[in-house]
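This report refers to the structure that appears directly beneath it.
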Amino acid sequence: MGDGTAPQPPRAGTAARPMRADARRNYDRLLAVARDAFAERGIEASLEDVARRAEVGIGTLYRHFPTRDALLEALLRERFDALTAKGRALLDRPCDRAVLLDWTRSFMEMLGTYRGLTAALTATLADETSELHASCAAMRGTGTALLVRAQESGLVRTDVDASEFMTLVNGVTWGNEQSFAGSPERLDKLLGIVLDGLAPADTRRGQREKEPSGVRPGTSPVRGAPRQGPSARGRRTPGRTRRPSAPPRPGTCRR
């Protein structure tokens, strides 16, 4: 079969043979081109275009990477392995919020590597036949261990399992990608909101009790002055000093 035609992918379980020098060059060139193509167009970039830009036939691409997932796995393998190793190292550190935050932030950065990767990895975790599954499973295992330890330490509510946690993280990453063009600052803020929401109720209550004394709800934390609504702003009468309005009575709404 010539390089210009698309062959059927090899059967799973086929033993890998050592590459010839020219095959290794093609393999490395395909990876380099695919990395650029996925960064530009997301993981649905045309494989035919990848082969053309690498100056090889589509058959050569399929011989090295029988499926799109196989190509993705080759591109992301080092990142998966690095996240797995990082999670294991963090498990040796004392447990605190910063440990879970550190690993989760790195995981979210990895999800943002290519547009569309979040959805692909979500589907991969449920498909044990996928080339990405084994690498994802090992990485997810360390994340699960960090989550469970945080729960045992009282940092995360115990009614959240690993699948739900990963779903939240994936959703935040996807939303940041769609709404804020992958902004790192927004990602940090959104992740902080998620972890705050996952804290046990008594932890959140304790954080509220630590607010500076003498600052009532609805007042400025700087001067203690009541906040003014939009209608009250900018209506100062010359020569007169406006007194702050009295707070509403309990059970009523400020107009």
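Bear in mind that the values in this text are calculations on the coordinates, not laboratory data. Bear in mind the structure is a predicted one, so any value in this text is a computation, not a measurement. Virtual Cβ from ideal backbone geometry, glycine too; neighbours counted across all protein chains shown.
Got at least one residue in the range 48-69 being closer than 30 Å to residue 144 by Cβ, aliphatic (A, V, I, L, M), in contact (Cβ under 8 Å) with a residue 24 or more places away in the chain and buried (at least 18 other Cβ atoms within 10 Å of the Cβ)?
no
Among the candidates 194, 160, single out the residue that is more than 30 Å from residue 46 (Cβ to Cβ), of a type in the set (Val, Ile, Thr), out of contact with any His (no Cβ under 6 Å at 6 or more places or on another chain) and in a helix (DSSP H, G or I).
It is 194.
Looking at the structure I just gave you, is residue 76 crowded, with 17+ Cβ neighbours inside 10 Å, part of a helix (DSSP H, G or I), out of contact with any Gly (no Cβ under 6 Å at 6 or more places or on another chain) and not basic (Lys, Arg)?
So residue 76 fits the description; yes.
Among the residues of the range 117-149, which ones are of a type in the set (Gly, Ala, Ser) and more than 16 Å from residue 79 (Cβ to Cβ)?
In the first step, residues of the range 117-149 are kept if they are of a type in the set (Gly, Ala, Ser); the result is 119-120, 123, 126, 130, 134-135, 137-138, 141, 143, 145.
Listed by number, the residues that qualify are 119, 123, 126, 130, 145.
Mind checking which residues of the range 97-138 are in a helix (DSSP H, G or I), more than 11 Å from the chain's Cα centre (by Cα) and without any contact (Cβ under 8 Å) to a residue 40 or more places away in the chain?
98, 102, 123, 133, 134, 137
Scan the range 139-157 for residues that are in contact (Cβ under 8 Å) with a residue 24 or more places away in the chain and either in a loop (DSSP other than H, G, I, E, B) or within 17 Å of the chain's Cα centre (by Cα) (or both) and report the count.
12
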